[in-house]
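The values are calculated or read from the model by the stated rules, or taken from the named source; none is laboratory data. A quick note: this is a predicted structure, and the numbers were derived from the prediction, not measured. For neighbour counting, all protein chains shown are included, and Cβ atoms are generated from backbone atoms with ideal geometry for every residue, glycine included.
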Amino acid sequence: MPHPCLSCGACCAHFRVSFHWSETDPALGGPVPVALTEPLRTHERAMRGTSQARPRCIALDAQIGRYSRCTIHPQRPSACRDVEAAWESGRPSPQCDRARVAHGLPPLTMDAWAGIGQVQGDPLPA
Ligand code: SF4
Ligand code: SF4
């Protein structure tokens with residue numbers, strides 16, 4: 001069974017994704033492509049597309065609820081790395097639940113992980 005995030009993508013089309021500007025500065029080890037971001041507050045940038053009324057990250061390649069891929073997965077910001085799919089590590093994830101419900105998807109349950117076997121770290125696209 002594939003990882004649930006690969007057929008979801010809801011969180012990348014629900015939240016404003018903001019982070020410290022240094023995450024876009026290669027000289028400071030920041031991996032995020034600056035061209036895909038925009039300025040936010042004094043020390044922050046945001047992924048383009050996520051500050052609008054109906055957020056959708058510019059880096060998202062998805063049909064929400066069908067397939068989903070972060071096109072900059074290895075370079076995504078810390079805010080994305082911090083969002084955990086619900087119950088992937090045995091813990092609830094209110095952010096995951098909120099995003100899925102907002103897109104008409106049911107919150108994940110423990111059953112979503114049955115058959116996946118070993119829990120996969122660092123999934124797409126959260
Ligand atoms: S973390 Fe949750 S909302 Fe985000 S893609 Fe995965 S299942 Fe969907
Ligand atoms: S995981 Fe990728 S597609 Fe999703 S919000 Fe972050 S950068 Fe955008």
Of all the residues that make up segment 42-63, how many are part of a loop (DSSP other than H, G, I, E, B), hydrophobic (A, V, I, L, M, F, W, C) and more than 9 Å from Ala13 (Cβ to Cβ)? 3
Starting from segment 1-25, take each residue that is over 18 Å from Ile116 (Cα atoms) and list its partners that are acidic (Asp, Glu) and at pLDDT 95 or above, counting only C-beta distances under 7 angstrom and pairs at least six apart or across chains. Ser18/Glu44; Phe19/Glu44; His20/Glu44; Trp21/Glu44
Could you give me the residue pairs with C-beta distances under 6 Å whose first residue belongs to segment 86-103 and is at pLDDT 95 or above, whose second residue is outside any helix (DSSP H, G or I) and within 14 Å of ligand 2 (Cβ to nearest atom) wherever it lies, and which are 6+ apart or on separate chains? Ser93/Glu84; Gln95/Val83; Cys96/Ala85; Ala99/His14; Ala102/His14; His103/Ile64
Those residues of segment 26-65 which are among the charged types (D, E, K, R), more than 25 Å from Arg100 (Cα to Cα) and modelled with pLDDT of 95 or more amount to Glu38, Glu44
Among the residues of segment 64-77, write down those that are touching a residue at least 40 places away in the same chain (Cβ under 8 Å) and outside any strand (DSSP E or B). Ile64, Gly65, Arg66, Ile72, His73, Pro74, Gln75, Arg76, Pro77
Consider Leu28 carefully, then state whether it is more than 16 Å from ligand 1 (Cβ to nearest atom) and either under 26 Å from Pro2 (Cα atoms) or among the hydrophobic types (A, V, I, L, M, F, W, C) (or both). yes
Name the single residue that is nearest to ligand 2 (Cβ to nearest atom) among those in segment 78-119 being surrounded by fewer than 18 Cβ atoms within 10 Å (Cβ to Cβ), outside any loop (DSSP other than H, G, I, E, B) and among the basic types (Lys, Arg). Arg81
